[in-house]
Amino acid sequence: MQIESLKVFCDLTETESFTKAAQINHITQSAVSQQISSLERQFKSLLIERSKKKFRLTREGRVLYEASKQIVQTYESLYSRLQELKDVISGTIRIATIYSIGLHDLPPYIKRYLKSYPTVNVHVEYRRANQVYEDVLGNIVDLGLVAYPTRDSKLEIVLLKKEPMVLICHTQHPLARTKSVKIDALAGQKFIAFEPDIPTRKAIDKVLREHGVHVHPVMEFDNVETVKRAVEIDAGIAIVPLSTVTLEVQQKTLAAVTIDDAELHRPIAAIHKKSKVLSLAMKHFLAMLRQTE
């Protein structure tokens, strides 16, 4: 029996998916099944109730999971401490991020990080907000980057910064004639919105409600890039993070206008499981993310 097999069993238990357990450990689904079967032979116990449609551990499986989790965490902690003693910063950091952060906020940090630590491999996946949480809780990734972080007893939330939000509109739109407006200037305007389940949409809706401003939603999208394209063709106005429109404002394809009487800042945070043993590479990466450019 090897610790790797116990880790595979823990990952399978937490994700309830042979596919995801295989993905996390860079092996095939068949290899996952073989390792679980090997553990069952080793302990002479059935670990998973295979007759059930829903994934479920047996009593013996639950006992093995609790013990295995401690063993794996102890091993990972020991490995991390030995690496720190040798001052070795290497390995792979797996990150899941929402599109706007991944495309606009993250790249300069990764560039700087890889320049300092070229032996570290940083793997980034772009996901919807709910999927980022699922990936972190399921151990598919090490870190998640989200906006408006949702508290969870199993998660550690590391606040990184509060990013200003701005009104964007076509350069010929009447609102583009000034650098700042009052929020009631948005009343009755055609509005390009994010989809209802996206945290930024919920935060914008809350601010509009608090100020009694009613806009006219004409389109809804799941990412900021599509929102910007709709505004560029003058389909409506939108509210987006300032960092996501820097290029368009420079190229004068969009106008960015400050809303000066409303609190419009988007909190950005890194999340990881509280039980996660952070490698030296991950600690340095988090420290870099917390630095203000």
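Using a Gaussian network model on the chain with a 10 Å cutoff between Cα atoms, which of Arg94, Arg177, Arg127 fluctuates the most?
Among Arg94, Arg177, Arg127, the largest GNM mean-square fluctuation belongs to Arg177.
What base-10 log of the normalised intensity I(q)/I(0) is obtained for region 1-141 from the Debye formula, alpha carbons as equal point scatterers, at q = 0.09, 0.13, 0.15, 0.21 Å⁻¹?
For region 1-141, the Cα-only Debye profile gives -0.35, -0.70, -0.88, -1.29.
Report the net charge of residues surrounding Thr28, where surrounding means a beta-carbon distance below 15 angstrom and charges are Lys +1, Arg +1, Asp -1, Glu -1.
Around Thr28, the surrounding residues sum to -1.
For a footprinting-style exposure proxy, rank Leu46, Leu6 by other Cβ within 10 Å, fewest first.
Leu46, Leu6
With a cap of 14 neighbouring Cβ atoms within 10 Å, and only residues DSSP puts in a loop, list the GluC sites (Glu not before Pro) found in region 1-99.
Glu16, Glu49
Which of these, Met219, Met165, Met282, has the largest mean-square fluctuation under a Gaussian network model of the chain (Cα springs below 10 Å)?
Met219
Place +1 on the Cβ of every Lys and Arg and -1 on the Cβ of every Asp and Glu in the chain, take the dipole about the Cα centre, and give the residue among Ile239, Ala281, Pro174 whose Cα lies farthest towards its positive end.
Ala281
May I ask which of Lys20/Lys206; Lys190/Lys228; Lys86/Lys162; Lys179/Lys228 have a Cα-Cα span longer than 24 Å here?
Table pairs above 24 Å Cα-Cα are Lys20/Lys206; Lys86/Lys162.
Only four residue types carry charge here, +1 at the Cβ of Lys and Arg and -1 at the Cβ of Asp and Glu. Report the dipole size of the chain about the Cα centre in Debye, rounded to the nearest 20. Intermediate values should be presented prior to the final figure.
Numbers: 41 positive and 34 negative charges, 126 e Å.
For the chain, the charge dipole is close to 600 debye.
The chain: percent of C-alpha pairs farther apart than 37 Å?
Tail fraction, whole percent: 30.
Can you list, largest first and rounded to whole Å, the semi-axes you get for region 3-85 by taking the square root of 5 times each eigenvalue of its Cα gyration tensor?
Result for region 3-85: semi-axes of 23, 15, 11 Å.
Rule-of-thumb check for region 162-266: C-alpha Rg over 2.2 N^0.38 Å?
0.94
Please report the antiparallel percentage of the DSSP beta bridges confined to the chain, to the nearest 5.
55 percent
If one puts a single equal scatterer on every Cα of region 92-231 and applies the Debye formula without solvent, what log₁₀ I(q)/I(0) results at q = 0.18, 0.19, 0.20 Å⁻¹?
Cα-only, vacuum Debye calculation for region 92-231: -1.11, -1.19, -1.26.
How large is log10 I(q)/I(0) at q = 0.17, 0.23 Å⁻¹ when the Debye formula is applied to the Cα atoms of region 45-109, each weighted equally and without solvent?
One equal scatterer on each Cα of region 45-109 leads to -0.84, -0.92.
Which net charge results for the neighbourhood of Pro196, defined as the other residues with beta-carbon distances under 11 angstrom from its beta-carbon, given Lys and Arg at +1 and Asp and Glu at -1? Intermediate values should be presented prior to the final figure.
Working: positive: Arg201, Lys202; negative: Glu195, Asp197, Asp205, Glu220, Asp222.
With Lys, Arg at +1 and Asp, Glu at -1, the net is -3.
No value in this document is a laboratory result; all are computed from the given coordinates. Because the structure is predicted, anything quoted here is derived from the model rather than measured. A quick note on method: Cβ atoms are made from the backbone with ideal geometry, for glycine too, and the neighbour counts reach across all protein chains shown.
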